[in-house]
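Reading through the structure tokens given below for one structure.
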């Protein structure tokens, strides 16, 4: 049996086993997720909340931006507090204050002596941690003291989300617009949802000493401290990482020590004679849109960051009245996915006919139609989200047309279906080009097949975002949401990109087809080994059982292993760029691929593993160390990769154009230096300060206005300006380069003549 066949079998077995386990975990989450009570009843018989209140409250929370305004269970944005932790702390302190006034004649819990505070804290844990959910009636019973505390905290939140002057300063600190929820009944219902998220975080699972959220967040007052399983699986995750890197290093050493005859490099560019078909030419507009969306995303990112220091304004202008923080952050994060995905989709449409030399009937029309669909989806979803956040859409229509409230999958369900249909069109367009190439066979069949399979996965796996409904349990929504964010974006897009790059390098004659095939299949296996079940590291504290921690910690560690392999290959890739004089045509795409390798190691590897083990993430989830990983991995890896792939396509679309080094050099270095500055001058130091606060005081404090409005924190936020400015210069330089290719290109003297009819060069 050939090595290629063995690797295909290994990949198939791996995927079947991994997804079987992932689906089993989904069943366990559904079985053990925290219940939503029919009623919350005090000991005196008062009905505090109903199930309808909680479900309506979640709808209201989603309509105002959900994850984009503060966070729930640690997932969401970072300026406003985590509402789960904030509610839990406020309720706990209110109960303690009641007991202090009534039993100890003290004005507050804080005024008591340490011994009395310790005794009351133990009493509080006995009050709040026991599970009083009755499965027969579906009710949760609480003490009258807790009912009073809930009423007081609820009143605070109802004031905060209105235009009450008493909480105006806090609203500004949280970057909330006045009258975020104008309807009083909606405000009351939303407090029920916040209470339920906090109840899940402090209530012990039946028969166990840990809460539904595995004791998250850290709150010593109620006994929420890291359980032993977090320590144990964090240690094992480090061991898995070391073992994985050791095995990969051994494999790399063995395979690269095999003697192969020297590779004879082509005397000229093998891709220069590829005829650009009408559908390939039509992909140009995709890259124009990529640059437009990229620039808008940067502008929205600057506005969003500025809200952290001015709250409701931008340099004195009351911007929050028209574009509140939750909306600018929604569009900022959504555009990050959209422009990167558009770059990759454009690459797929370009490379398909180039691979097979086959231009199917109406292919160009399909490319035009898909581009129009993307424009409609972007504009339509953005308009719907504006109406939702401004509370002009209503709860009855929000889920389908407005804002779903889930980070990275914010668009309304109609727009989700539209995007899914668009991906289906893309799959069809690319597939009808790749299938003939696969049927032809040849040396590149395996790489082409892998490219086709990753295309199918990209087209279909976005469908995971359609697996939840308007009232699906929060734990299950998080489960399926991370299928999209992790598996779709970080998994199958990466396989697609790996296959494309391998194919291009083989056709450029820089590596052997046999070597590229084995390397691509092996890299895919290594990526998927940790990537599929590594999805679970996002779900440690979302109402999931302990099995999620064990599997997530183990396989999440393995996600870092292939990044070492990428590091091994980075230098080799750089050398390929200097292998022959004509490779200067591809200098900048290759340099962006080298940047991808760097950010894979730093952003995805170093900063990713920093927050991946269960114990560190227990304290770090939702702190600025999370966007540290998010920015450096999402843009550093996938954004840089999208730019590199785009530049490869532009090289083919404008073969006769001379590429001036100045704008691309500026773009490359400014984007990388700006990202480094953003990470090291702001996100990392703020994250470290927050981490210290979360460990020593409690998670609630690390996210509180008291902490985030300190002069030191504000100074560090302002330190983003240099990095953001440099980054913006890089983006503008790249946009200018792309625009000039069509507006005023530099023409070379010797142009590439079109091949005669019937003599078209293909990549197969």
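The values are calculated or read from the model by the stated rules, or taken from the named source; none is laboratory data. Just so it is clear, the model here is predicted, and its values are computed rather than measured. So basically every Cβ, Gly included, is an ideal-geometry build from the backbone, and we count neighbours across all protein chains shown.
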Quiz item: Can residue 323 be described as over 21 Å from the mean Cα position of the chain (by Cα) and either surrounded by 23 or more Cβ atoms within 10 Å (Cβ to Cβ) or farther than 30 Å from residue 276 by Cα (or both)?
Solution: yes
Quiz item: Can you tell me which residues in the range 355-377 are surrounded by 20 or more Cβ atoms within 10 Å (Cβ to Cβ) and either out of contact with any helix residue (DSSP H, G or I) (no Cβ under 6 Å at 6 or more places or on another chain) or outside the structural domain of residue 289 (by TED's automatic domain parsing) (or both)?
Solution: 374
Quiz item: In this structure, does residue 628 turn out to be in a helix (DSSP H, G or I) and modelled with pLDDT of 90 or more?
Solution: yes
Quiz item: In the range 107-121, which residues are surrounded by fewer than 18 Cβ atoms within 10 Å (Cβ to Cβ) and not in a helix (DSSP H, G or I)?
Solution: 107, 108, 113
Practice problem: Please determine, by comparing only the residues of the range 163-177 that are in a loop (DSSP other than H, G, I, E, B) and more than 31 Å from the chain's Cα centre (by Cα), which one is nearest to residue 65 (Cα to Cα). | Solution: 163
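Determine, yes or no, whether residue 93 is outside the structural domain of residue 307 (by TED's automatic domain parsing), on the phi < 0 side of the Ramachandran plot, crowded, with 22+ Cβ neighbours inside 10 Å and touching a residue at least 12 places away in the same chain (Cβ under 8 Å).
It is false that residue 93 is outside the structural domain of residue 307 (by TED's automatic domain parsing), on the phi < 0 side of the Ramachandran plot, crowded, with 22+ Cβ neighbours inside 10 Å and touching a residue at least 12 places away in the same chain (Cβ under 8 Å).
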Quiz item: What about residue 298, is it over 24 Å from residue 424 (Cβ atoms) and in contact with a strand residue (DSSP E or B) (Cβ under 7 Å, 6 or more places away or on another chain)?
Solution: no
Self-check item: Selection within the range 1-30 - in a helix (DSSP H, G or I) and free of Cβ contacts under 8 Å to residues at least 24 places away in the same chain
Solution: 5, 6, 9, 12, 13, 16, 17, 20, 23, 24, 27
Exercise. Filter the range 173-186 for residues that are farther than 16 Å from residue 328 by Cα, buried (at least 19 other Cβ atoms within 10 Å of the Cβ) and either at pLDDT 95 or above or out of contact with any helix residue (DSSP H, G or I) (no Cβ under 7 Å at 6 or more places or on another chain) (or both) and give the result.
Key: 181, 186
Exercise. Could you check the range 662-733 for helices (runs of 4 or more DSSP H) lying wholly inside it with 3 or more residues that are buried (at least 20 other Cβ atoms within 10 Å of the Cβ)?
Key: 684-696, 699-702
